[in-house]
1. Quick one: is A95 within 15 Å of the ligand (Cβ to nearest atom), surrounded by 16 or more Cβ atoms within 10 Å (Cβ to Cβ) and over 21 Å from G141 (Cβ atoms)?
2. Quick check, is P44 part of a loop (DSSP other than H, G, I, E, B), within 9 Å of the ligand (Cβ to nearest atom) and free of Cβ contacts under 8 Å to residues at least 40 places away in the same chain?
3. Tell me, yes or no, whether segment 40-54 has at least one residue that is within 28 Å of T15 (Cβ to Cβ), surrounded by fewer than 23 Cβ atoms within 10 Å (Cβ to Cβ), under 19 Å from the mean Cα position of the chain (by Cα) and among the hydrophobic types (A, V, I, L, M, F, W, C).
4. Would you please list the contacts, defined by Cβ atoms under 7 Å and residues six or more apart or on different chains, that run from a residue in segment 13-32 that is more than 18 Å from D213 (Cα to Cα) to a residue that is among the small types (G, A, S) and within 10 Å of the ligand (Cβ to nearest atom)?
5. From (1) outside any strand (DSSP E or B); (2) buried (at least 24 other Cβ atoms within 10 Å of the Cβ); (3) of a type in the set (G, A, S); (4) touching a residue at least 60 places away in the same chain (Cβ under 8 Å), pick out the condition that doesn't hold for A132.
6. Identify all residues within segment 153-162 that are touching a residue at least 60 places away in the same chain (Cβ under 8 Å) and either polar (S, T, N, Q) or surrounded by fewer than 24 Cβ atoms within 10 Å (Cβ to Cβ) (or both); write none if there are none.
7. Could you list, in sequence order, all residues of segment 55-90 that are within 17 Å of the chain's Cα centre (by Cα), without any contact (Cβ under 8 Å) to a residue 40 or more places away in the chain and buried (at least 24 other Cβ atoms within 10 Å of the Cβ)?
8. Quick check on this structure: which one of D126, D104, D159 is modelled with pLDDT under 95 and farther than 30 Å from P44 by Cβ?
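The values are calculated or read from the model by the stated rules, or taken from the named source; none is laboratory data. As the structure is a computational prediction, the values presented were derived from the model and not from experiment. Neighbour counts are summed over all protein chains in view; Cβ atoms, including those assigned to glycine, are modelled from backbone coordinates with ideal geometry.
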Amino acid sequence: MNSEHAADSREPSYTMGYSDTFQKMLHRRNAESYAAYLLPHLGPGLRVLDLGCGPGTISMGLAQAVAPGELHGIDLEESQIETARARAAGSSVNAVFRTGDATDLPYEDETFDVAHGHALLMHVPDTEAVLAEVMRVLKPGGLVAARDMIGASSFAEPDSEGLSAVWTTFSNLLETNGAHPQMGKQLRGAFRMAGFSDVRAGASFECFSTDEDVRFFFDYAAGWFFSPATVEAATGRGLATREQFDDWRRAMERWKETPGAFAAIAWGEATGRKP
Ligand SMILES: C[S@@+](CC[C@H](N)C(=O)[O-])C[C@H]1O[C@@H](n2cnc3c(N)ncnc32)[C@H](O)[C@@H]1O
C-alpha cells in the first residue's frame with residue numbers, strides 16, 4: 001500500500017494521505033457506529049451515493065441497509081477504490097465503486113435517493129462546490145447526510161502535559177491544506193446555505209476507552225501525527241517546532257501508561273432534504 005502521505009507537500013492537498021497507519025483507522029469503521037444517525041433513514045431499494053468512500057468499510061453497511069438497492073462509492077484515490085471493490089467482491093450486496101471528484105460528480109442529475117459523506121466535507125476546500133453537486137445528483141426530496149470532525153471538542157485525558165496542543169496543531173495543519181477541522185459543527189449552516197430543507201444536526205464521540213483502544217490511539221498518533229512527513233509539514237509551515245513534537249511525543253508515551261487514559265474524537269453529523 002502507498003505509504004506516502006500528502007501532508008509533506010507545501011501545496012494544499014488531502015492531509016491524511018493513504019499510509020498503512022491511517023488505513024488502520026479507517027478499517028475500524030462501519031455503518032452501525034459511524035453512520036448511526038443515517039441508518040434509520042435507509043430502507044430496501046434506495047440508491048445511495050457515498051462521497052469520499054475511502055476503503056468502503058462504511059459503504060458496505062450502507063449497501064446492506066438498502067439491499068437490493070444500489071450503493072455507489074466514489075473517491076479521488078484509485079488505491080482506495082481498489083480496496084473497496086475487493087471488499088464488495090466478497091459480498092452479495094449491490095455496491096459499485098469508481099474514482100472521481102466530489103466537486104465534479106460523474107453522475108446524471110437526480111440519480112440518488114441519498115448522498116452521504118463521512119469525513120469528506122472536512123477535507124475538501126470548496127464546501128459549496130460539493131454541496132451544489134450533491135443537490136444536482138439527488139432526486140427531489142432526496143437526503144443529504146454528512147459526519148465530520150469537531151477538532152476543538154476532541155480530547156485526550158488526562159491533559160496534564162498540554163496534549164490539547166496536539167489537537168490544535170492537527171487542526172492548524174488541516175487548515176493550511178484548505179480543510180475544515182471544525183466542519184462537524186458547521187454542517188447545519190452549510191446545508192442551509194446550500195438550499196437544503198428540514199436540516200437536522202447532532203453530535204457524537206468516537207471513544208478510545210479500553211486499554212486496547214488507548215494503545216491503538218497511541219500507535220495511530222505515533223505512526224501518523226509523529227511521522228517524519230507530518231512533523232516536516234507542520235514545522236515547515238511554522239505550526240510547531242521539532243522540540244514541541246519531541247515533548248508531545250514523550251507526553252503521549254506517559255499518557256498511554258496512565259490508568260485513566262481516555263481519548264475521544266468529536267463528530268458532528270447532519271441530514272437535510274433537497275426541496
Ligand atoms: C478521511 S477519509 C474518509 C473515508 C471514509 N469515508 C471513512 O470515513 O472511512 C477521506 C476520503 O476522502 C477522499 N477525498 C478527498 N477529497 C476528495 C474529493 N474532492 N473527491 C472525492 N474524494 C475525496 C480521500 O481520498 C479519502 O479517501
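1. Details: within 15 Å of the ligand (Cβ to nearest atom): yes; surrounded by 16 or more Cβ atoms within 10 Å (Cβ to Cβ): yes; over 21 Å from G141 (Cβ atoms): yes.
The answer is yes for A95.
2. no
3. No; the residues of segment 40-54 include none that is within 28 Å of T15 (Cβ to Cβ), surrounded by fewer than 23 Cβ atoms within 10 Å (Cβ to Cβ), under 19 Å from the mean Cα position of the chain (by Cα) and among the hydrophobic types (A, V, I, L, M, F, W, C).
4. Filtered contacts from segment 13-32: S13/A6; Y14/A6; T15/A6; T15/A179; G17/A6; Y18/S79.
5. (2)
6. Let us first name the residues in segment 153-162 that are touching a residue at least 60 places away in the same chain (Cβ under 8 Å), namely 153-158, 161-162.
Scanning segment 153-162 gives S153, S154, F155, E157, P158, E161, G162.
7. Residues satisfying the conditions are P55, S59, G73, I74, D75, A84.
8. Step by step, each of D126, D104, D159 is checked, and only D159 is modelled with pLDDT under 95 and farther than 30 Å from P44 by Cβ.
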